[in-house]
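Asker: After the structure tokens below, expect a handful of questions from me.
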Amino acid sequence: MTTAVHYSIRPCPAEPHCFEITLKVDKPARDGQVFSLPAWIPGSYLIREFSRHIVSIQASSAGKSVGLRKLDKHSWQADPVSGSLTLVYQVYAYDLSVRGAYLDDSRGFFNASSVFLSVAGYENDACEVEIRPAKGKAHADWKVATALPAVKVKKSGFGLYRAGNYDELLDHPVELGDFHTVSFKACGVPHQFVVSGRFRGDLKRLARDTKKICEYQIRLFGTPAPFERYVFMLYVGKDIYGGLEHRASTALVANRDDLPAVDQTEISDGYLKLLGLISHEYFHSWNVKRIKPAAFSPYDLRSEGYTRLLWAFEGITSYYDDLTLLRCGLIDSKRYLGLLAQTISGVQRGAGRLKQTLEESSFDAWIKYYRQDENSPNSIVSYYTKGALAALALDLTLRQRSKGAVTLDDIMRALWAKWLADGKGLAEQEWEEIAQQVAGFSLQDFFDQALRSTTDLPLPQLLLSQGVDMGWDYADHAGDAGGIGLPAAQRKPKASLGVKTQADPAGLRLTHVYDGGAAQEAGLAGGDVLLAVDGLKAADLDKMLSRYRVGERITMHVFRRDELLVREVSLQAQPQTTCRLQLQNKTGPWPMA
């Protein structure tokens, strides 16, 4: 089959952090071919303006230069030509996240949305991509990893690939470098783990544990899996974390110490966090990459795609990521409930849950969730974390009202069956309609409360119906996010400022000042740098405040920008926002496992 659009990409020899792309169009538009680069990438709901990274761009035809006029921030139009048209351009690539492109002398990575211009009028046509190695011997050991269908490639992976259309091209990131690999099969489907960055870890253990995750989720929705092969691309470094889903692969970044050590038998907190990330992105293979809102069918990557359903796609996925670890046997009920308690605590501690509904959070992701500042905990609620709790509440409600006959699993399988039947996105009210059809009874009251009000979810009662007691406690220390074990009776609260801090060369920076807290009432704000408390240098705030009682006044010296402020603060009692969960049957598993 012939293709009219041909891409070629390689590390630019003259620029250490640039890819050079050649784009050839066999039959350009008669009135001048238009090209454009996406403004955002699916799965990350923020206008990112990828075109700002194009360093230079030229057009030619039959060896002669062709005029190229910029139409807007991400589009160009070439002058009319009679033959084929070729663009050559360079893209700056130094974004270490999973959303863009990165290149240095040790590793390369790119999402097509960052590097490949679309060709107007050819978006639905097949295209070819040649991935070329860097010139010289410095990168002679580099290889290619991608789920993009190969046409003719070398053992190293360099060579020719093909995508059925531009949308498919965008959904296959590429990893370049001398990476480590480990492979396994899940329900008969080949899976590959590609790990880059400096590390020491047990990749065979990683593969065994990931296989359990994959097989559980494939069987949850039903075989066969929606892909013929799958690639995990993991870059490990320091103080990084994140993932982005694709139709047959995922890009992940994590701390190198989160990998399991050789001969390590337990699951550390760091490794558990990594497994949760893997589970989350893999679940997206069904929930958002295929089952998706109508607003994303198809994606319009030139501007925002508004939907009130992100809670269902990110929140429900966030519910199933840790639940998968429980159900496939990687963790027990006690460990799972500890994670759940932390999620509940995180939502409870933000006053934003009282101001923004889940539907509003979903709709405003473009301007609020992905643009957080020091006031965000006071003004927004996360469709990830509260969405996960709404999914839990829905699952518990279904089990309670149906006497165990219907669960959220049944709704997810029904949504999957619908997608297999028609491949269409869900209208804004369609998710709720299908859920109620599967349940066989009305869930209107639940959805009105969970999605369209700021009323707290009735989790204590719902959890109790499944044999789990829930209580609110005072945090033992700044890092206490909740966990297992009910609060001790008659426990007294500690003195609190109502702030979150991070280390600063001058003292402690107030990253967040919470609504109604002592610091806010004293006029302090996020970004202020706390220098001293009652004349002593601010260091360990927990330790310093432990010497004070609720109601005592302290003197705080802070910098706001370059101005020194002195504030008298009346210490308040810390709020009871730390969740503790306890299985009533302490020796048995949670029934929902």
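The values are calculated or read from the model by the stated rules, or taken from the named source; none is laboratory data. Computed from a prediction, not measured in an experiment: that's the story for all the values here. FYI the Cβ positions are ideal-geometry reconstructions off the backbone, even for glycines, and counts take in every protein chain you see.
Asker: Looking at the range 219-240, which of its residues are touching a residue at least 60 places away in the same chain (Cβ under 8 Å), within 30 Å of Asp410 (Cα to Cα) and part of a strand (DSSP E or B)? Before the answer, list the steps.
Answerer: In the first step, residues of the range 219-240 are kept if they are touching a residue at least 60 places away in the same chain (Cβ under 8 Å); the result is 220-222, 225-227, 229-231, 233, 235, 237, 240.
Next, from what is left, pick out any that are within 30 Å of Asp410 (Cα to Cα): 220-222, 225-227, 229-231.
Listed by number, the residues that qualify are Tyr230, Val231.
Asker: Take Leu176 and tell me if it is within 21 Å of the chain's Cα centre (by Cα) and not polar (S, T, N, Q). Even if it seems obvious, please write down each step before you answer.
Answerer: Details: within 21 Å of the chain's Cα centre (by Cα): no; not polar (S, T, N, Q): yes.
No, not satisfied.
Asker: Quick one: His139 ticks every box in (1) crowded, with 22+ Cβ neighbours inside 10 Å; (2) farther than 22 Å from Ile54 by Cβ except a single one, so which number is it?
Answerer: Exception for His139: condition (1).
Asker: Answer with yes or no whether Trp431 is surrounded by fewer than 20 Cβ atoms within 10 Å (Cβ to Cβ), in contact (Cβ under 8 Å) with a residue 60 or more places away in the chain and outside any loop (DSSP other than H, G, I, E, B).
Answerer: Numbers: surrounded by fewer than 20 Cβ atoms within 10 Å (Cβ to Cβ): no; in contact (Cβ under 8 Å) with a residue 60 or more places away in the chain: yes; outside any loop (DSSP other than H, G, I, E, B): yes.
No; evaluated as a whole, the condition is false for this residue.
Asker: Follow-up. Which one is farthest from Glu568 (Cα to Cα) among residues in the range 523-537 that are among the small types (Gly, Ala, Ser) and surrounded by fewer than 20 Cβ atoms within 10 Å (Cβ to Cβ)? Can you show your working first?
Answerer: In the first step, residues of the range 523-537 are kept if they are among the small types (Gly, Ala, Ser); the result is 523, 525-527, 532, 535.
From what's left, surrounded by fewer than 20 Cβ atoms within 10 Å (Cβ to Cβ): 523, 525, 527, 532, 535.
Working: Gly523: 9, Ala525: 14, Gly527: 18, Ala532: 12, Gly535: 12 Å.
My answer is Gly527.
Asker: Further, regarding this structure: Return yes or no: is Gly67 surrounded by fewer than 21 Cβ atoms within 10 Å (Cβ to Cβ) and either touching a residue at least 60 places away in the same chain (Cβ under 8 Å) or not charged (D, E, K, R) (or both)? Walk me through how you get there before you give the answer.
Answerer: Values: surrounded by fewer than 21 Cβ atoms within 10 Å (Cβ to Cβ): yes; either touching a residue at least 60 places away in the same chain (Cβ under 8 Å) or not charged (D, E, K, R) (or both): yes.
Judged against the criteria, Gly67 is a match.
Table: residues versus (1) touching an Asp or Glu at 6+ places or on another chain (Cβ under 8 Å); (2) in a helix (DSSP H, G or I).
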{"site": "Val253", "(1), (2)": "no, no"}
{"site": "Leu277", "(1), (2)": "yes, yes"}
{"site": "Phe313", "(1), (2)": "no, yes"}
{"site": "Ile316", "(1), (2)": "no, yes"}
{"site": "Leu330", "(1), (2)": "yes, no"}
{"site": "Gln342", "(1), (2)": "no, yes"}
{"site": "Gly346", "(1), (2)": "no, yes"}
{"site": "Gly352", "(1), (2)": "no, yes"}
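Asker: Run Asp300 past the list (1) acidic (Asp, Glu); (2) part of a helix (DSSP H, G or I); (3) free of Cβ contacts under 8 Å to residues at least 24 places away in the same chain and report the number of the one that doesn't hold.
Answerer: That leaves (2) as the condition not met.
Asker: May I ask you to say which residue of Tyr299, Tyr306, Tyr336 is surrounded by fewer than 24 Cβ atoms within 10 Å (Cβ to Cβ) and over 22 Å from Leu415 (Cβ atoms)? Walk me through how you get there before you give the answer.
Answerer: Values: Tyr299 fails: over 22 Å from Leu415 (Cβ atoms); Tyr306 fails: over 22 Å from Leu415 (Cβ atoms).
Testing whether each residue is surrounded by fewer than 24 Cβ atoms within 10 Å (Cβ to Cβ) and over 22 Å from Leu415 (Cβ atoms) leaves just Tyr336.
Asker: Then there's this: Can you name every residue in the range 231-244 that is surrounded by fewer than 23 Cβ atoms within 10 Å (Cβ to Cβ) and either touching a Pro at 6+ places or on another chain (Cβ under 9 Å) or within 17 Å of Lys212 (Cβ to Cβ) (or both)?
Answerer: Residue satisfying the conditions is Leu244 alone.
Asker: Here is a follow-up. Test of understanding: among Ser453, Ser496, Ser442, which residue is of a type in the set (Ser, Thr, Tyr) and surrounded by 15 or more Cβ atoms within 10 Å (Cβ to Cβ)? Can you show your working first?
Answerer: Details: Ser453 fails: surrounded by 15 or more Cβ atoms within 10 Å (Cβ to Cβ); Ser442 fails: surrounded by 15 or more Cβ atoms within 10 Å (Cβ to Cβ).
Only one candidate passes the filter, namely Ser496.
Asker: Go through (1) out of contact with any strand residue (DSSP E or B) (no Cβ under 9 Å at 6 or more places or on another chain); (2) buried (at least 16 other Cβ atoms within 10 Å of the Cβ) and name the single condition Gly404 misses.
Answerer: Single failed check for Gly404: (2).
Asker: While we're here: Would you kindly identify the strands (runs of 3 or more DSSP E) lying entirely within the range 138-180 that contain at least 1 residues that are on the phi > 0 side of the Ramachandran plot? Break it down stepwise before answering.
Answerer: Working: elements: 143-145, 150-153, 159-163, 174-177.
In the range 138-180, 159-163, 174-177 are the strands (runs of 3 or more DSSP E) which contain 1 or more residues that are on the phi > 0 side of the Ramachandran plot.
Asker: Sticking with this structure for a sec: Can you tell me how many residues in the range 461-496 are aromatic (Phe, Trp, Tyr) and either closer than 20 Å to Arg547 by Cα or not in a strand (DSSP E or B) (or both)? Break it down into steps so the answer makes sense when it comes.
Answerer: Step one: list which residues in the range 461-496 are aromatic (Phe, Trp, Tyr), which gives 472, 474.
Okay, now just the ones that are also either closer than 20 Å to Arg547 by Cα or not in a strand (DSSP E or B) (or both), so 474.
Qualifying residue count for the region: 1.
Asker: Which of the residues that make up the range 364-412 are part of a helix (DSSP H, G or I), within 23 Å of Tyr306 (Cα to Cα) and in contact with a Leu (Cβ under 8 Å, 6 or more places away or on another chain)?
Answerer: Those that are part of a helix (DSSP H, G or I), within 23 Å of Tyr306 (Cα to Cα) and in contact with a Leu (Cβ under 8 Å, 6 or more places away or on another chain): Tyr370, Arg371, Lys386, Gly387, Leu389, Ala390, Ala391, Met412.
A quick yes/no check of all residues on (1) at pLDDT below 95; (2) surrounded by fewer than 23 Cβ atoms within 10 Å (Cβ to Cβ); (3) under 29 Å from Thr511 (Cβ atoms):
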| position | (1), (2), (3) |
| --- | --- |
| Leu340 | no, no, yes |
| Arg353 | no, no, yes |
| Thr357 | no, yes, yes |
| Trp366 | no, yes, yes |
| Thr385 | no, yes, yes |
| Leu396 | no, no, no |
| Arg399 | no, yes, no |
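Asker: Residue check: is Tyr45 in contact with a Cys (Cβ under 6 Å, 6 or more places away or on another chain) and of a type in the set (Ser, Thr, Tyr)? Can you show your working first?
Answerer: Details: in contact with a Cys (Cβ under 6 Å, 6 or more places away or on another chain): no; of a type in the set (Ser, Thr, Tyr): yes.
So Tyr45 fails the test.
Asker: Additional query: In the range 147-167, what count of residues is obtained for those that are in contact with a strand residue (DSSP E or B) (Cβ under 9 Å, 6 or more places away or on another chain) and in contact (Cβ under 8 Å) with a residue 24 or more places away in the chain?
Answerer: Count: 12.
Asker: With respect to Gly243, is the statement that it is under 29 Å from Leu310 (Cβ atoms) and part of a strand (DSSP E or B) true? I'd like the intermediate steps shown before the answer.
Answerer: Values: under 29 Å from Leu310 (Cβ atoms): yes; part of a strand (DSSP E or B): yes.
Yes, satisfied.
Asker: Name every residue in the range 113-146 that is in contact (Cβ under 8 Å) with a residue 60 or more places away in the chain and in contact with an Asp or Glu (Cβ under 8 Å, 6 or more places away or on another chain), in order of residue number. If you could, list the steps in order and put the result at the bottom.
Answerer: The initial filter retains those residues of the range 113-146 that are in contact (Cβ under 8 Å) with a residue 60 or more places away in the chain, namely 113-122, 125-136, 139, 145-146.
Passing the criteria: Ser114, His139, Ala145, Thr146.
Residue-by-condition table, conditions (1) part of a loop (DSSP other than H, G, I, E, B); (2) in contact (Cβ under 8 Å) with a residue 60 or more places away in the chain:
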position: Ala519; (1), (2): no, no
position: Gly526; (1), (2): yes, yes
position: Leu531; (1), (2): no, no
position: Asp542; (1), (2): no, yes
position: Thr555; (1), (2): no, no
position: Phe559; (1), (2): no, no
position: Gln582; (1), (2): no, yes
position: Trp590; (1), (2): yes, yes
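Asker: Search the range 103-115 for residues being buried (at least 24 other Cβ atoms within 10 Å of the Cβ) and not aliphatic (A, V, I, L, M), and hand back the single one that is farthest from Gln33 (Cα to Cα).
Answerer: Gly108
Asker: So which residues in the range 159-187 are of a type outside the set (Ser, Thr, Tyr), farther than 25 Å from Tyr299 by Cα and surrounded by fewer than 17 Cβ atoms within 10 Å (Cβ to Cβ), if there are any at all?
Answerer: Correct list: Leu160, Asp178, His180, Lys185, Cys187.
Asker: Starting from residues that are under 23 Å from the mean Cα position of the chain (by Cα) and hydroxyl-bearing (Ser, Thr, Tyr), keep the ones in the range 76-102 and report whichever is surrounded by the fewest Cβ atoms within 10 Å (Cβ to Cβ).
Answerer: First, pick out the residues of the range 76-102 that are under 23 Å from the mean Cα position of the chain (by Cα): 93-102.
Now narrow it down to the ones that are hydroxyl-bearing (Ser, Thr, Tyr): 94, 97, 102.
On the way: Tyr94: 13, Ser97: 17, Tyr102: 21.
Within the range 76-102, the match that is surrounded by the fewest Cβ atoms within 10 Å (Cβ to Cβ) is Tyr94.
Asker: Still on this structure, please answer the following. For the range 442-460, how many residues meet the condition of being outside any helix (DSSP H, G or I), touching a residue at least 12 places away in the same chain (Cβ under 8 Å) and either touching a helix residue (DSSP H, G or I) at 6+ places or on another chain (Cβ under 6 Å) or among the charged types (D, E, K, R) (or both)? If you could, list the steps in order and put the result at the bottom.
Answerer: Just the residues of the range 442-460 that are outside any helix (DSSP H, G or I), to begin with: 442-443, 453-458.
Checking the rest, the ones that are also touching a residue at least 12 places away in the same chain (Cβ under 8 Å) come to 443, 453-454, 456-458.
With the extra rule that they be either touching a helix residue (DSSP H, G or I) at 6+ places or on another chain (Cβ under 6 Å) or among the charged types (D, E, K, R) (or both), the set shrinks to 443, 454, 456-457.
Number of matching residues: 4.
Asker: Next question, about the same structure. In the range 549-564, what count of residues is obtained for those that are more than 35 Å from the chain's Cα centre (by Cα) and either among the small types (Gly, Ala, Ser) or surrounded by fewer than 17 Cβ atoms within 10 Å (Cβ to Cβ) (or both)?
Answerer: Total meeting the criteria: 9.
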